[in-house]
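Asker: Before I ask anything, here is the structure I am working with.
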Amino acid sequence: PSQGFKAFCTPPKKSLLAGRMQVIPLSGAMGRRSTRGPPRPRLLLALGLAAAAVAPAARAADSCPLATSDGGALKVAYHDGSNTMCNEGSTTSTNEDQATYCEAFCAINGESRGLPVMMGNTYYGFPLEDMNKICLGKFDGATNESKEIIYYDKDKLAFCQERAYSLNEIEKEAARFVAAIYIFKYEQMAFRADTENETAHFRKKVQSDEVQSKVDRAVNKLSVIRDELSPLAESLRSAATSDSNLGQAVQQLKDRQIQLAQVMEVNLQRFQEFVDGCNNMFLTKGPKEEYLLDICPQTNAACIDNANSGHVGCCCGVNLVALGQAKVEIDGLSAAKFGGTGKVADRRLDDEEDSMAVKVCPAAIQEASKYIESQTSDVLGQEEYALFMADIRQKYAAYYDACGAEGAESRRQLFGEGEGAAEARGGEAAAGASPTPEEERKLQEHVYNCVEPVNEEHGFKVAFSKKSKTGMCAQEPKITDEKITKMCNDFCSPHGISLVIGTNAYGFNLSSADSICFKSEGVLKYNKTLTDQCTEWGNAFPEIETKVAELIAELDVFAAEKQKYEARLRVAVEELQAFMKSTEYEKKLSEAIDKLEVLRGLLYDKFHQESGARESLLQAIEQVKKKMLSVQETLNSKVPIVKRFLEQCNDLLLATGPNQEYLLDVCAQGNAACIENEASLHVSCCCGYNPV
């Protein structure tokens with residue numbers, strides 16, 4: 001103390017009272033300094049007046065009523081040490097001891113997830129009224145720029161909690177949409193497997209002795225072949241109707257695309273309001289509505305709600321945006337340190353009701369897996385299913401491709417690009433080394449001087465196989481029905497369905513083959529306008545996938561930034577607590593006239609020094625908002641296109657290759673005439689595909 005303070009506090013030489021007299025240093029409401037000595041007898045005035053007549057009545061701490069704030073909505077929490085002066089308590093006599101109480105009280109499920117704000121230390125304390133000026137900060141109207149450490153505003157909190165679920169709703173709907181994509185892809189794969197089985201079955205039937213005999217006896221052999229192939233086409237079409245698994249998957253995909261667009265339209269603005277207006281520290285309560293812990297009386301033994309008291313206390317704040325929860329509850333007095341049961345066994349952060357975080361792809365895989373595992377199909381076995389799920393999980397590991405985003409090119413390459421396709425067309429590219437000029441010349445020559453025909457109306461081209469250029473089917477090396485099937489499958493790979501026209505026993509000319517492949521009476525359908533539209537419309541689906549995958553990637557970045565922000569927040573809390581124990585802090589508070597205001601300023605400035613992590617979080621939020629807007633725009637423009645694609649392109653159409661080749665001339669069967677010759681008899685094949 002200064003000399004002046006000593007002089008002021010020196011008792012007068014003559015007492016106005018008979019007996020001993022105590023002199024009281026004057027004290028204000030803004031922080032009370034302790035002498036760190038044993039508690040002295042309560043106050044008596046030099047004028048001999050009773051203490052109760054002038055000063056607030058001194059009461060024992062254990063006789064204090066339970067204090068509340070905000071009309072009883074907020075309760076002060078007490079522990080066993082709250083009844084004992086700080087310097088007398090075995091667990092509250094040091095700053096470190098007091099900090100452990102604050103940290104335990106403010107923990108969430110035993111973890112430091114928010115901001116514990118301790119008010120007071122071993123040298124001074126505050127009354128409840130002053131503590132509330134720190135713990136119950138108010139927003140300053142529309143700007144929300146008041147420099148508060150912790151905010152308490154029930155309407156604002158309700159507003160933020162309601163909008164906190166906006167991101168959750170978008171993520172959940174995105175997960176359902178991605179699950180629909182997985183299911184759709186699975187049903188596509190099952191449909192293709194079913195198609196291969198059906199095609200093999202019909203091909204075997206066409207090559208059977210029964211059909212061969214029927215063709216042999218028939219005058220119009222082509223009619224017999226068409227009659228045999230038509231049920232195949234109808235069977236394949238029926239496998240993709242609205243009642244089929246694939247049809248239902250298509251409908252679900254359409255529905256969920258529309259739902260995702262609607263959910264995003266509603267919740268994007270709400271998410272904007274959430275991050276703009278709720279990225280602050282909010283007061284957090286415990287399970288019994290406790291919001292402030294009375295750690296111990298420091299300056300005197302007056303109750304905490306006494307305006308002249310000086311207690312060490314603690315309240316807690318959380319950032320809803322960073323924490324990832326809409327409803328947050330501190331451990332409060334249920335923490336193990338206060339004799340409570342704790343909450344480590346039941347982690348509230350994992351509860352779906354409270355959590356705002358949805359991992360889109362794991363949730364999507366879980367939903368899709370339940371559906372896929374429920375399907376009992378002879379078409380797709382366990383091995384194929386395992387490969388499918390392995391592929392999905394591999395894509396998830398990459399995360400950008402986590403939700404199966406594909407490039408548009410994959411839908412343009414309908415057939416003619418699979419392994420063996422080049423060889424089936426008569427080239428050698430599939431074999432490895434490029435041919436020499438002499439070999440290339442020989443490959444281009446045709447033993448019967450035939451030239452690859454071009455359909456003048458549509459620009460279709462006939463591709464010659466190596467066998468068709470070098471000899472007839474029956475000439476050595478002879479070509480078997482199995483080899484014909486393999487060549488046609490290679491020609492139509494990877495997505496086409498091969499329709500073989502002819503066998504090693506009979507064949508047809510080009511006109512007859514065309515009547516099966518794309519004429520109005522044919523097995524396959526061809527409409528150039530529709531085909532071009534389906535190609536264009538089909539590209540809209542991968543664009544949506546890509547945009548959703550980009551959004552999911554940004555959500556992952558956002559989650560990482562939230563973790564970084566939360567980690568930096570914990571570091572800031574530790575640094576803040578260390579600062580509050582420092583000589584610098586003690587000096588500033590000791591010298592301060594208005595200790596409360598200085599405390600508020602120091603806490604605010606020190607806590608907001610971690611601006612780097614906060615800025616990174618804000619940048620991540622902005623990126624999420626941008627991706628959401630991008631997805632919303634894509635959905636608005638592409639969903640109608642995808643709907644048209646799924647409704648109008650779900651049919652068996654003629655497929656063409658990268659060079660407009662539509663039919664493979666496998667070999668001459670009945671004579672050496674070129675395939676376009678009316679008298680020719682060739683084995684050939686064309687390819688069908690379902691754009692969906």
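Asker: Give the residue list of GluC sites (Glu not before Pro) in the range 511-585 that are DSSP loop and have at most 10 other beta-carbon atoms within 10 angstrom.
Answerer: Details: sites: 521, 536, 543, 545, 550, 554, 561, 566, 574, 575, 584; in loops: 521.
Passing sites in the range 511-585 are 521.
Asker: Another question about this same structure. Using a 1.4 Å probe, what is the accessible area per residue for the range 535-692, in Å²?
Answerer: Numbers: 6300 Å² over 158 residues.
Normalised by residue count, the accessible surface of the range 535-692 is 40 Å².
Asker: Sticking with this one: Tell me the label-point distance for the pair residue 337, residue 454, using the 7 Å Cα-to-Cβ offset, in nm and rounded to one decimal.
Answerer: 8.5
Asker: In nm², what is the average projected area of the convex hull enclosing the Cα atoms of the range 468-507?
Answerer: Working: hull surface 11.9 nm².
The orientation-averaged projected area of the Cα hull of the range 468-507 comes to 3.0 nm².
Asker: Let me ask another. If I model a spin label as a point 7 Å beyond the Cα along the Cα-Cβ vector, how far apart are those points for residue 197 and residue 535 in nm?
Answerer: Label at residue 197, label at residue 535, 3.3 nm between them.
Asker: OK, next. Grab the Cα-Cα distance for residue 637 and residue 216, subtract it from 0.36 nm times how many residues apart they are, and report the gain in nm with one decimal. Show your work: numbers first, answer last.
Answerer: Details: separation 421, 0.36 × 421 = 151.56 nm, distance 5.56 nm.
Stretched fully, the residue 637-residue 216 segment lengthens by 146.0 nm.
Asker: Quick one: length gained pulling residue 582 to residue 446 fully straight, 0.36 nm per residue minus the C-alpha distance?
Answerer: Answer, rounded to one decimal: 39.5 nm.
Asker: For residue 265 and residue 671, calculate 0.36 nm times their separation in residues minus their Cα-Cα distance, and state this gained length in nm to one decimal.
Answerer: Values: separation 406, 0.36 × 406 = 146.16 nm, distance 6.67 nm.
Computed gain between residue 265 and residue 671 is 139.5 nm.
Asker: Under a straight-distance cross-link criterion of Cα-Cα below 19 Å, which lysines are reachable from residue 254, leaving out those fewer than 8 residues away in the same chain?
Answerer: Of all the lysines, those that pass the test against residue 254 - Cα under 19 Å, at least 8 places apart if same chain - are 172, 185, 547, 638, 643.
Asker: How many Å² of accessible area per residue for the range 77-162, probe 1.4 Å? Don't jump to the answer; show the numbers that get you there.
Answerer: Numbers: 3360 Å² over 86 residues.
That works out to 39 Å² for each residue.
Asker: Show me the GluC sites (Glu not before Pro) within the range 90-184 that DSSP assigns to loop and that have at most 14 other Cβ atoms within 10 Å of their Cβ. Walk me through the intermediate numbers first.
Answerer: Numbers: sites: 96, 103, 111, 129, 145, 148, 162, 169, 171, 173; in loops: 145, 148.
Here the sparse-neighbourhood loop sites are 145.
Asker: Which cross-chain or sequence-distant (5 or more) residues have an amide H under 5 Å from the amide H of residue 501, H modelled 1.01 Å from N in plane?
Answerer: For residue 501, whose amide H was placed from the backbone, the distant partners under 5 Å are 684, 685, 686.
Asker: R0 = 25 Å: FRET efficiency of residue 486 with residue 660, Cβ-based, nearest 0.05?
Answerer: On the way: r = 23 Å, r/R0 = 0.94.
After rounding, the FRET efficiency stands at 0.60.
Asker: Please list the radius of gyration and Dmax for the range 174-299, considering alpha-carbon atoms only, with Å as the unit.
Answerer: That works out to 31.3, 116 Å for Rg and Dmax.
Asker: Leaving out ligands, DNA and RNA, and with a 1.4 Å probe, what % of the accessible surface on the range 225-290 is carbon or sulfur?
Answerer: Numbers: 1180 of 2680 Å².
Of the solvent-accessible surface of the range 225-290, carbon and sulfur hold 44 percent.
Asker: Students often forget the sequence filter, so: which lysines lie under 17 Å Cα-Cα from residue 606 once same-chain residues fewer than 8 apart are removed?
Answerer: 147, 581, 587, 588, 595
The values are calculated or read from the model by the stated rules, or taken from the named source; none is laboratory data. Just so it is clear, the model here is predicted, and its values are computed rather than measured. Positions of Cβ are backbone-derived with ideal geometry, glycine not excepted, and every protein chain shown enters the neighbour counts. Just the protein is used for accessible areas: all its heavy atoms, side chains included, with ligands, DNA and RNA removed. Shrake-Rupley method; radii C 1.70, N 1.55, O 1.52, S 1.80 Å.
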